[in-house]
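Written out below as structure tokens is the structure these notes cover.
The values are calculated or read from the model by the stated rules, or taken from the named source; none is laboratory data. Because the structure is a prediction, the values reported are computed rather than measured. Neighbour counts run over all protein chains shown; Cβ positions are idealised from the backbone, glycine included. Protein only, heavy atoms only, side chains kept; ligands, DNA and RNA dropped before computing areas. Shrake-Rupley method; radii C 1.70, N 1.55, O 1.52, S 1.80 Å.
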Amino acid sequence: MKHRYRLLIALAFTGVVGLAAILLSPKPALYAPYSFSSALQDRDGRLMRLSLAGDQRYRLFTPLQGFPAHVIRATLLYEDRHFYRHPGVNPMALTRSAWSTYVRRSRVMGGSTITMQLARLRFAMDTRNIPGKLTQILRALQLERHYTKDEILEAYLNLAPYGGNIEGLGTAALIYFEKPAAQLSLSEAAALAVIPQNPVARNPVSAQGHNHMLAARTRLLDIWNAQSPLTGEQLAILELPLSIRPATALPFAAPHVAQMLLAKPGVAAGVHRTTVSLQYQHLLEQTIDRYLERRTRFGIHNASAMLVDHRSMEVLAAVGSADFFDATIAGQVDGTRAKRSPGSTLKPFVYAMAMDEGIIHPMSMLKDAPKRFGVYTPENFDRGFMGPVSAEEALIYSRNVPAIELLAQVGYRQFHEFLQAADVGHLKSAEHYGLAMILGGNELTMEELARLYAMLPNGGRLKSLRYLHSAPPADEGLALLSPEASFLVLDMLRNNPRPDRFANRRSHAKIPVAWKTGTSYAYRDAWTAGVLGPYVLVVWVGNFDGTGNPELIGRQAAAPLFFELSERITAGLPDGEYGREPHAALNLRRVPVCAGTGDLPGRHCPATEPGWFIPGVSPIRVSTVHRAILVDSRTGKRSCHFDAGYTRTQVFEFWPSDIARLQQQAGISRRRPPAWEDSCALDGQAATGIAPRITSPAPSLRYYIRPEFRAENPLPLTATVDADVERLFWFVNDSFVGQSQRENPLLWQPQPGEFDILVVDDLGRSASSHLTVTTVQ
């Protein structure tokens, strides 16, 4: 007997000391050992991904305000009816529990309040013995001392077990019933309320657990009905079966976007509304799947795509690969953020820069012909040349030589600075790429390309992509191109003819599409990027391991997928202008242009067509191709004086020799103007027409020679001349070195030194340039 008293006294003393220690201890953190899940929703609030917490449990924090009154009442009614009236411990419940468990030994009863259950969860306690139970009581009192009842109830509702690795009532509502706790019915709330008391036996995923849960729910609702009779509608709902979704069936939507967002340091645990539209996300995924099924026999197995609303810069859909779980295509690589060669997709921006610098306008004539840029001799994709083409034609048909010529005039260093300003990452030096930069010599991501194309409808302003609704709205952005040049490039790209299969569809009359393709070196990447109505769409087809495939051509592999997507995306859009006409505030004028020359029409231009100009910027040049000359009807030669009886005025086309040669190669025959009469003085002939222009040696290059190879590598002297010229005479440092026919070069053996080159045509017109030749060993 004395031993019992000593034990009771020891326990009492221990309890008093423990109580004092607990009550005097600092405030414990409620959630210190726990981490929480993140839930990503699409723009309409539908769940995309629920991440696991650090301990591999689904635990999504829900504030107390997120639990409606009937959810809280169901929990309190089943777990702790006197929660708001006791100090953390219910003496009556503990007494009944101790009597049943330790005295009568009839059945084990817990007697724990919600605060005591929270203490057990928070401090990871074993309460199946008397010391553990006493410690639990003391910890409950500690929590009650430092926290309000609402804070304790909120913590319990977020940490209580609900079967398997699911913790928190809000998490259970989201997983099991696919809705937030705020939308739970009484039937669903009562079902969840009974799980924490026995989460293993009442796990609703298994058939047996589901039945145990329903039996416990019935007992709870009997108590509820006794206190507050249920309505007929509530009783009818209770008769309906509960549909439970297991955690294994949670959605795994837009996996690459989700992976990227969950890895961001700024995306903390909690619920995050993204800009992604699951409607468009599924549309992109399904279209890509069907497309690749048809193209598998050509060795095409993977694709990526991104859809952006350029008005808000919200990413509406992003498909990083054809199949996230397919290891054979490295499906977990995110193709929207992987660096790839863009092929020709950057050409529109060189044209825009050239228009901003007054080098061209859309109808300017460019030459698609073989040309050497130093040691670099570019070719077109088809190995052929189109000859003279308008800037618009050169862009939409993706001719390489005109694009490189424009880049040479704009400056490849300036274009490199443009890409740097556009936040294209991991660029090497401008000299590393040189002029090949415009043909895909550098690499960029689909995200970066989408931002660049979004500049065009956004008036040349670079803006950041938005993946989260909480991100700041798109600001004014950084102006990298003028609004006028941006509009003109879009207008040019809208005239890009669609692939044959899509050429006659009615949809493109409703929603204009401005688009451009790209193919990387060795057929590794096929691209199509464009603007369709309010959206920017970028499509890539290829292999993440860089394996080449002759089928990977932008127009053949990526463009058909691009237009399949664009037709489905724009199907529900209303008719609209979508930028077909420029805004009234833009500094643009539509003026007549001489057809075929691209210049303003002279008085003898036979036909004109409308073209856009940027007043004060675009090059203003009157066409001199069509000229009226006097022709002697007796000799058929060009006369230098008027004779009413024998001379008549005729209009001839005076094409420069380089253009005339290209036209001849293209099978275009032109009638050349006649030769001058012998009686015409040379001074009079020289006063008409256009002077020669030296094309070799190039004025911007320094020439290097090796003495041992000098005889094997003569320097060609060439010039472009007017249509009435037949011969050229060449002088070096005032010494005559030879003559050449208009189409042929003069080969000259240079020595090291400084030279003044002079050329005079057979009508007395001349041009000069300076040349530096250096010896290298």
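Here are the numbers:
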item: Ratio Rg/Rh, restricted to the range 271-411 and using Cα atoms, in which Rh is the Kirkwood radius; result: 1.09
item: Hydrodynamic radius (Kirkwood) for the range 525-647, which is based on Cα pairs only, to one decimal in Å; result: 20.1
item: Tensor-based shape of the range 600-670 (alpha-carbon gyration tensor, a/c under 1.5 rounded, otherwise prolate or oblate); result: oblate
item: Rounded to whole Hz, the Karplus (6.51, -1.76, 1.60) HN-Hα couplings of the range 122-130, x for glycine and proline; result: 5, 9, 6, 9, 9, 10, 8, 10, 4
item: The range 661-776: projected area of the alpha-carbon convex hull, averaged over directions, in nm²; result: 8.6
item: In sequence order, calculated HN-Hα J values of the range 742-754 (Karplus, 6.51, -1.76, 1.60; Hz; x Gly/Pro); result: 4, 9, 10, x, 9, 8, 10, 8, x, 9, x, x, 9
item: Cross-link pairs beyond the 29 Å C-alpha cut-off, checked among LYS367/LYS463; LYS339/LYS516; LYS179/LYS463; LYS264/LYS347; LYS428/LYS516; LYS347/LYS428; result: LYS367/LYS463; LYS179/LYS463; LYS264/LYS347
item: Rg to Rh quotient for the range 230-301, alpha carbon positions, Kirkwood Rh; result: 1.21
item: Potential extension, GLU754-TYR523 segment - 0.36 nm per residue separation minus Cα distance; result: 78.7 nm
item: Virtual spin-label span in nm between ASP44 and GLN741, 7 Å along Cα→Cβ; result: 7.3
item: Order by protection proxy (mean Cβ within 10 Å, highest first), peptides 616-627, 155-166; result: 155-166, 616-627
item: For the range 637-650, 3J(HN,Hα) per residue [Karplus equation, 6.51 cos²θ - 1.76 cosθ + 1.60, θ = phi - 60°, Hz, x = Gly/Pro]; result: 9, 6, 9, 9, 8, 8, 9, 4, x, 10, 9, 9, 8, 10
item: Distant-in-sequence amide H partners of SER390 (H built 1.01 Å from N, under 5 Å); result: LEU366
item: Among 748-759, 230-241, the order from most to least packed when residues are scored by Cβ within 10 Å on average; result: 748-759, 230-241
item: Principal-axis tilt of helix 400-410 within the chain, Cα atoms, nearest 10 degrees; result: 90
item: Cβ crowding within 10 Å averaged over residues, with 633-644, 29-40 ranked highest first; result: 29-40, 633-644
item: Sulfur and carbon atoms: percent of accessible area, the range 392-494 [1.4 Å]; result: 46
item: Residues whose placed amide H lies under 5 Å from that of THR608, excluding near-sequence neighbours; result: ALA595
item: Distance in nm between pseudo-label sites at ALA595 and LEU682 (7 Å out along the Cβ direction from Cα); result: 4.2
item: For the chain: accessible area per residue (Å², 1.4 Å); result: 47
item: Filtered chymotrypsin sites (Phe, Trp or Tyr not before Pro), the range 646-740: DSSP coil and at most 13 other beta carbons within 10 Å; result: TYR646
item: Cα-Cα P(r), the chain, percent of pairs per 20 Å interval; result: 13, 31, 24, 16, 10, 5, 1, 0
item: Residues whose placed amide H lies under 5 Å from that of ILE705, excluding near-sequence neighbours; result: THR774, THR775, VAL776
item: In Å, descending, principal axis extents of the Cα set of the range 140-220; result: 42, 25, 24
